[in-house]
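Chemist: Quick one: the structure is below, and I'll ask about it shortly.
Read-outs: derived from the displayed coordinates by stated rules, not from any lab. Please read these numbers as outputs of a predicted model, since none were measured by experiment. Positions of Cβ are generated from backbone atoms using ideal geometry, with glycine treated the same way; all protein chains shown enter the neighbour counts.
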Amino acid sequence: MMGAVIPCELCSAAIPIEQYQQHTTECCVSDAPGRLRASREKLSPSQNVRCDSPAVFPFEHAGYVLLGSEVTAVREIKILDQLDQCFHALIQIYQTPRLICGYVACAVARLVQEWAGDNFGHDGIIVNSLEEVTSLLSQLRKPEVLVPRVEEVMEFVFLARQKYVSEHAADFAPTQLRSYMTDWVANYEIGDYLVAHPELAAAHFIRNIERGDDVEHEEKARLVEEEPFRHLHVFAQSPDRMRTPSEWVAWMQQGGGRAASMIVDTLGHFVVAVPLRVTTEGKDTQSVTLVLNSLGGCYVNAPAVEAAHRMAHLGQSDSNSSFFLAGARA
């Protein structure tokens, strides 16, 4: 007798319920480029997309977006693959899903801030040449550097989920406990990680608004925190508090904060945007946002990445651009 099956949301195949999580994870990874193309078309990204451009930075993925002018660009860099076997032991210990981009993004944001030291301001990290970035990019491809920092984030989320389950045991059916503990990292959990680590004052989180009705447990209870931002596509969370894009830009420009890295929710994946101000002798200062990506596909023209770039380098927000307003981009 055949057991219960569930249709895969990605390929429509009928999958036995006990194999569903593994199948959808593998399906998601195998078809990532195709799904990303469809997602970008649906969300009407910037029209200034250039693909297969000459690589400028080490480990650069082909493709970039020009915004504002020829000296303002978004470029994607491939870091250590989150599916690498070096993470397998941690995935077992902390009961995480196979796709661990939320954990990796938090770890990368910390490493970027440590690398930058004090050499950054409200509009990004200041470097004197592209070569200065090479050391950072090389470090982010080394398991011995990234794995311990990823484990710190995994432990934080694991303990927080354990605490919630122990305090709300009556809300869980026995079959729900494992799926709750192994679910993908939620936006509120990344926000909680930043709040719990005020030393990451230069790390920020560009969040999409949760508009689905399929959330439950703590994620559902925390949706009230997003209410002030529901007229927007994205909002910003820093270790001190949440802000609208216009509040964040004003806060930065007035010297209230500095930006070394921006974790970005691209809807289904997390990357880290790093705003750079490259000052090369004899040339104009170049404003570049590096998109540090631990998965396949290209995210340079994801709307939330473009929002992060506009905020950090162009000073654009919901106060001076309809790009940020919900419903403005059909």
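Chemist: Using 0.36 nm times the number of residues separating LEU130 and VAL145, minus their current alpha carbon distance, what extension gain do you get?
Modeler: 3.2 nm
Chemist: Show log10 I(q)/I(0) for segment 93-149 at q = 0.22, 0.27 Å⁻¹, two decimals, from a solvent-free Debye sum over equal Cα scatterers.
Modeler: Each listed q corresponds, in turn, to -0.94, -1.20.
Chemist: Arrange the peptides 72-78, 170-176, 95-101 so that the one whose residues have, on average, the most other Cβ atoms within 10 Å appears first.
Modeler: 72-78, 95-101, 170-176
Chemist: Report the one residue of MET242, GLY255, LEU232 whose Cα lies farthest in the direction of the positive end of the charge dipole of segment 212-259 (charges on C-beta: Lys and Arg +1, Asp and Glu -1; origin at the Cα centre).
Modeler: Farthest along the dipole direction, towards plus: GLY255.
Chemist: What FRET efficiency comes out for SER322 versus ASP171 if R0 is 45 angstrom and r is the Cβ-Cβ distance? Round to the nearest 0.05.
Modeler: 0.65
Chemist: For segment 135-199, what's the radius of gyration and Dmax over Cα atoms, in angstrom?
Modeler: 15.0, 50
Chemist: Output the peptides 237-243, 226-232 sorted from most to least packed, where packing is the average of other Cβ atoms within 10 Å over each peptide's residues.
Modeler: 237-243, 226-232
Chemist: Once you have a ≥ b ≥ c as the square roots of the Cα gyration tensor eigenvalues for segment 191-279, tell me rounded if a/c is under 1.5, and otherwise prolate or oblate according to whether a/b is larger than b/c.
Modeler: Prolate, because a/c is 1.5 or more and a/b exceeds b/c.
Chemist: Length gain on complete extension for the stretch GLU225 to ASN119, per 0.36 nm per residue less the alpha carbon to alpha carbon distance?
Modeler: Difference between extended and current length: 34.9 nm.
Chemist: Compute, for segment 198-315, the length of the dipole vector about the Cα centre, with Cβ point charges of +1 (Lys, Arg) and -1 (Asp, Glu) only. Units Debye, rounded to 20.
Modeler: 460 debye
Chemist: Residue separation times 0.36 nm, minus the C-alpha to C-alpha distance between GLU216 and GLU152: what's the value?
Modeler: Extra length available between GLU216 and GLU152 comes to 20.5 nm.
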